[in-house]
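Working notes for the structure below.
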Amino acid sequence: AGVRGDAFVAGGEARGPSTAVLRACDRRVTIPLAPGVESLNVAVALGVLLFEAVLQRSDVAGGP
């Protein structure tokens, strides 16, 4: 039996992850940006996603 866990895959703004990597992913998400914000660097984007993942899994959000 394999180990199953969660992972985030991120790529650069110009090219992003390869098509093969995207096909292997279960989901794709986007981060809505405020007007006037053109993009986030990958470190900031992953920070936002990790914060949201922790928030959704915490007692504050009614999770386990």
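Just so you know, all these numbers are worked out from the coordinates, no wet-lab data involved. A quick note: this is a predicted structure, and the numbers were derived from the prediction, not measured. Every residue, glycine among them, receives a Cβ derived from its backbone with ideal geometry; neighbour counts consider all protein chains shown.
Annotations for the structure displayed:
- Backbone N within region 11-30 under 11 Å of label point (7 Å from Leu50 Cα along the Cβ vector): none
- Three-way shape call for region 14-55 based on the alpha-carbon gyration tensor, with the a/c threshold at 1.5: oblate
- Peptides 13-20, 32-39 ordered by average Cβ neighbours within 10 Å, highest first: 13-20, 32-39
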